[in-house]
Amino acid sequence: MSTLRSVIRVGGVRDSRLMVPIVALAAILLIDLIVVPGFFNLEMKDGHLYGSLVDILRNSAPTVVLAIGMTLVIATGGVDLSVGAIMAIAASVACILIDPRIIGLNLQGNITAVVGDPTYSFAPIPVVIVASLVVAVACGLWNGVLVSFGRIQPMVATLILMIAGRGIAQLITNSIKIIIFNDAFAYIGNGFIILPFSLFIVVALFAGAWLLTRRTAIGLFVESVGISFRASLYAGINEKRIKLFAYSFCGFCAGVAGLIAVSSIRTSDANQIGLYTELDAILAVVIGGTLLGTGGRFSLLGSVLGGLVIQATQTSMYAIGVAASAITAVKAVMVIIVIILYSRQVQDLGGRLVARLGRKQAAT
Amino acid sequence: MQKTGFLPRIAMALAMTALVGACSSGATTAPSAAAPSAAAPSAAAPSAAAAAKTFADMTVGFIQTGSESGWRAANTASFKETATQKGITLKFYDAQNKLENQVSAFHQFNQDPSVNVIILAALDVTGYDDVLKEAKAAGKVVVLEDRRIDADPSMYYTYIGSDFINEGHEGAAAMCDLLKAFPADKHNVAEISGAVGASAAIDRAKGFREKMGDCGIPDPTSLGLSQTGNWGVPESKAVMEAFLKKTKNIQGVFAHNDEEAIGAIQAIKEAGLVPGKDIMVVGFDATADGFKSLISGEMGADIECNPLLAPQVYDAALKALNGDTSLPKWVPSQEGAFFAAQGKDALQAILATRKY
């Protein structure tokens, strides 16, 4: 108890923003430990780890990547609703570059050549990846221009691409679902170096974002723009450029998430890839302790943990066997609990309770 | 597809962002409106009677729900193309998924003296009583397609649409067939269902449960192996991954559409198992993607859900115009089932003739 008290003293429950996502994640895993036998089982299979925990890490990759980008956008006081659509666009671009023959229905002639050839790719894979990311950044840039130069409300500005983006993604692939057989491309979402390859992408992206925002002044600029863009302007910060950067980076992250998602399912499902993930990403950021709407201080690590909380909930529900009709309700309960944990009143109450317990213990 | 204009393609792409499809997935590939139709004209030419009406005498008012999915786009294209082929005059109305639009269009067609047949893809099960009465008084032939309504059967000529329960039966039969490769006590099937509440999902699940006992398949729900995949690849894959962590004792996957079947196949492969050998997969819709999985042998069977209902509907309407009252009040749409066992070449030949 004394250690708990010192943690509270040193960090302060209220100020330790990582506390809530850590507690939430621990609680979910604790439930799994009790309810699902073998949830924590890990085995080596074909030279890589295999188990539910690995699934959580791997399936959370797109959400976590999105959350990293979304954190910066939310910190500037904005929000990006279009990331799911950008994921679909990036996925479509990648698939069409890997297999452009499949456009239209005139694929019958060479379908055997297409089905099952693990090396076929029209454009070299590095070109595919770079092109998809460039398109994604361009989408982010478009959002940024609307928000910073057009002075359009971020929610409205990004809503445009959210609605139109999925249509664009359909248009790129002619609304045909392209199945990808190329193994090199599939490695992004399916590969393993003991741990899932997508996990390494997440770590690299997180490290990059952290260095960029915490080892340069950019992070500070982002926070100051979020707190007051006018004050930032007078302080000599080019808030337009900061916003442009935040939205472009968010677009980049959406592109990476789209590549991971499409390579994981090996199908350019423009209807479904990234569907509603913008909401998951926003939720992850909120769970991570960054304030939605007002912006300002942000926590990249918090957002990463938030993404893990969401995916852990999802995977646990599948493992426990929650009925399909109840899944969204359970998710809602999780959100409510987390949001309540953030409420200042509840935190004060908790703090007082712990303090009283501590005093009692010290007295005895 | 290449011949299609740019604008229609944008329109179609936008339409496809909508999710809900009547038939199921709303995610089937759409044929272009300009593609030549090969839908077999099964029209038995009206018997030689001199007074017999022909398709040329038919003016159809077609009230479509809207353009919410690829399935719907294929359905609309089917009606337009077949009308052109048969020389039917078609007045097409897109209700944009609004019931009041459908009712006012219905009213208008009732008043239009040139229209003698009204085809309705109903948005709701009720709300058409007044216009149906009006149509009867005006002597119009009313045919319902794809979606059934709660109305007195005497108020319409016939309903032509999919029988999802029967599709479920066929899926169960196909699964039983595929499971013959396993001993009788190893017939555990996981179910990946469609969106919660969709009629296609409810009825396919029901149909499957009615017939699964035939070869001793236990209820997937009681095994804890039934979960929604929301008609899509990503969720279905995550669901199947979790199922395979739970137990390795799964021999079959009953997926409610092709996308979900494809997602399950991905998860099976990643678990180091071979779809089509260790685990049998059954899907629905028989889209081009489903066919590809059949050809590669990963999907065992694919049950069709046919959006190309126009030939059947027009034939029925012509019968009505000629006073033939022999048709039942419900004509199930003509649908097939396809099996990996048919062999690559045969499947490829079938795929080449398909429109969606």
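Some observations on this one:
- Taking the Cα centre of the stretch A:2-363 as reference, the dipole from Cβ charges on Lys and Arg (+1) and Asp and Glu (-1) amounts to some 1460 debye.
- Given +1 at the Cβ of Lys and Arg, -1 at the Cβ of Asp and Glu and no other charges, the dipole of the protein assembly as shown around its Cα centre is 2680 debye to the nearest 20.
- Nearest 10 degrees, 0 to 90: helix A:327-342 Cα axis against chain A principal axis: 40 degrees
- Here chain A has an Rg and Dmax of 22.1, 85 Å, counting Cα atoms alone.
- Portion, in percent, of the accessible area of the stretch B:97-151 that falls on carbon or sulfur, probe 1.4 Å: 48 percent
- Restricting the stretch A:189-287 to trypsin sites (Lys or Arg not before Pro) that sit in a DSSP loop and have at most 16 other Cβ atoms within 10 Å of their own Cβ leaves A:R215.
- Maximal additional length on extending the B:D177-B:T221 stretch stands at 13.7 nm, based on 0.36 nm per residue less the C-alpha distance.
- Between chain B and chain A, roughly 4000 Å² of accessible surface gets buried, counting both sides and using a 1.4 Å probe.
- Treating r as the C-beta distance of A:A207 and B:H107 and R0 as 60 Å, the FRET efficiency rounds to 0.40.
- Shielding by other protein chains, B:261-268, mean Cβ within 10 Å: 3
- Per residue accessible area of chain A, 1.4 Å probe, in Å²: 42 Å²
- Shape category assigned to the protein assembly as shown from the gyration tensor of Cα positions, a/c cut at 1.5: prolate
- Per residue of peptide B:226-238, the mean number of Cβ atoms on other chains within 10 Å of the residue Cβ is 6.
- Distance violations [Cα-Cα > 29 Å] among A:K331/A:K360; B:K98/B:K237; A:K243/B:K98; B:K237/B:K344; B:K292/B:K319: A:K331/A:K360; B:K98/B:K237; A:K243/B:K98; B:K292/B:K319
- Positive-pole candidate from A:G84, A:L301, B:P234, dipole of the protein assembly as shown, charges at beta carbon: A:L301
- Dividing the helix sum by the residues of chain A, where each DSSP H run of 4 or more adds -39500 (n - 2.57), gives a mean residue ellipticity at 222 nm of -22500 deg cm²/dmol.
- Between B:L99 and B:M155, the FRET efficiency estimated from the beta carbon spacing at R0 = 25 angstrom works out to 0.90.
- Given 11 as the ceiling on other Cβ atoms within 10 Å, longest exposed-site-free region of chain A for chymotrypsin sites (Phe, Trp or Tyr not before Pro) in DSSP loops: A:1-148
- Between A:I31 and A:D117, the modelled labels are 4.8 nm apart [label points 7 Å from Cα along Cα→Cβ].
- Note on A:A362 and A:T216: the extension gain reaches 48.0 nm, defined as 0.36 nm multiplied by sequence separation minus the Cα-Cα distance.
- Amide H contacts for B:L90 (H built 1.01 Å from N in the peptide plane; partners 5 or more residues away or on another chain; cut-off under 5 Å): B:V60.
- Residues with amide H under 5 Å from that of B:T158, placed H, sequence gap 5 or more: B:L144
- Cα centroid separation - the stretch B:109-126 against the stretch B:194-270, whole Å: 38 Å
- Split the accessible area of the stretch A:2-363 by element, probe 1.4 Å, and carbon with sulfur accounts for 71%.
- Applying 0.36 nm per residue to the separation of A:T294 and A:V127 and subtracting their alpha-carbon distance, the gain on full extension is 56.2 nm.
- Burial here means at least 50 square angstrom less accessible surface with every protein chain in place than with the chain by itself, probed at 1.4 Å; in the stretch A:264-287 the buried residues are A:I265, A:N271, A:Q272.
- Take each residue in B:140-153, count the other chain C-beta atoms within 10 Å of its C-beta, and the mean is 0.
- Calculated FRET efficiency for the pair B:A337/B:K136, C-beta based, R₀ 30 Å, to 0.05: 0.20
- Taking all protein chains together and a 1.4 Å probe, the residues A:M317, A:M19 rank A:M19, A:M317 from largest to smallest accessible area.
The values are calculated or read from the model by the stated rules, or taken from the named source; none is laboratory data. These numbers come from a predicted model, not from an experiment. Every residue, glycine as well, gets a Cβ built from its backbone with ideal geometry; the counts of neighbours run over all protein chains shown. Quick note on the areas: whole protein, heavy atoms, side chains included, nothing else; ligands and nucleic acids left out. Shrake-Rupley method; radii C 1.70, N 1.55, O 1.52, S 1.80 Å.
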